[in-house]
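Report on the structure given below.
The values are calculated or read from the model by the stated rules, or taken from the named source; none is laboratory data. This is a predicted model, so every value here is computed, not measured. Counting neighbours? That spans all protein chains shown, and the Cβs are built from the backbone with ideal geometry, glycine included. In case anyone asks, the SASA skips ligands and DNA or RNA and just uses the protein heavy atoms, side chains included. Shrake-Rupley method; radii C 1.70, N 1.55, O 1.52, S 1.80 Å.
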Amino acid sequence: MAKDGNKSSWKEFIWNPRTREFCGRTASSWGLIFLFYLAFYIFLAGLFCVTIYVMLLTLDDNIPTCQDRLATPGMMIRPTGKDLEIIYTKEDTESWDSHVQALNSFLSAYNDSVQEQNNLDCTPDQYFIQEDSDSVKNNPKRSCRFKRSVLEECSGLVDRYYGYFDGKPCVIIKLNRVIGMLPGKDGPVPSVSCGPKKYKINVDEWGDDSDKMGEVAYFPPNGTFNLMYFPYYGKKAQVNYSQPLVAVKFLNITMNTEVNVECKIIARNILANNDRDKFAGRVSFKLRINSRK
């Protein structure tokens, strides 16, 4: 009998035919609760939208609000190889053809015809400043031409194999973009310098591959980044920006040996010795050219 009583009370709680209550509340009571929560969540959604809108008003479409972590630009190479290791056999075309194709693809945007069509012939050796006029944005901003022919022997125009065929490969170095950066300010023109990377042999001894690396040639001469390519104003403001490049050609590297190479940016206002970030102002890679002769 007790079980039947409990069952009956639960049924009555769910639906009471005498008072016409569902779960202890009438239809009007449930309706008021629904309207309250509907109004409450509409208010929260509206408050959230207004907050986001006000925050977006403080942002600039072209310049990041916070870029304190980008004080020192990173560097990268092309081709990247596998894990920044460029390894191939000189006589085996298939082993280095992917590197040539990667360079062709990367440098296609730097074709002389493309640069002449999209960018300006700027005055060299001075910053290309494009200031805004009060509240009027000077957008889109123009960019200076960087023609691949400037890379001479490493342009793919003089030697379509970029030196990989005869064991004198070219590696392209680019400096990552940082908005508003003026490298070389109050100092010499920024340039790239490549040399053997030091590595630890044991606890107290360090070594390098200076006897294996041989001579290198830079294109443009002295491996400089001309000042006219700076500052950079952002992807949206400067759509056709072509970041400057430096090509390094290894002239007589020792064959069948792994060589550790490190390239750094030389500029007064760019630090390239940050032990915490191995890509800050520098890039390290391994180069090995095998030969069957």
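Details
- Qualifying residues in the range 123-141 (those that are touching a residue at least 24 places away in the same chain (Cβ under 8 Å) and open to solvent by 90 Å² or more (accessible area, probe 1.4 Å)) - the one nearest to TYR161 (Cα to Cα): ASP125
- Of the criteria (1) over 26 Å from ASP125 (Cα atoms); (2) open to solvent by 10 Å² or more (accessible area, probe 1.4 Å), which one PHE250 fails: (2)
- Scan of the range 99-122 for residues that are in a loop (DSSP other than H, G, I, E, B) and touching a residue at least 60 places away in the same chain (Cβ under 8 Å), ordered by number: ASN119, CYS122
- Residue among LYS264, LYS197, LYS212, LYS293 that alone is closer than 28 Å to SER95 by Cα, basic (Lys, Arg) and either in contact with a Gly (Cβ under 8 Å, 6 or more places away or on another chain) or free of Cβ contacts under 8 Å to residues at least 12 places away in the same chain (or both): LYS264
- Taking the conditions (1) surrounded by 14 or more Cβ atoms within 10 Å (Cβ to Cβ); (2) more than 30 Å from LEU182 (Cβ to Cβ) in turn, ASP92 satisfies each one other than (1).
- Here is the figure for the range 123-171: residues that are β-branched (Val, Ile, Thr), in a loop (DSSP other than H, G, I, E, B) and touching a Pro at 6+ places or on another chain (Cβ under 8 Å) total 1.
- For ASN118, the requirement of being over 26 Å from VAL261 (Cα atoms) and surrounded by 15 or more Cβ atoms within 10 Å (Cβ to Cβ) is met.
- Residue count for the range 147-174, restricted to those that are open to solvent by 10 Å² or more (accessible area, probe 1.4 Å) and not basic (Lys, Arg): 11.
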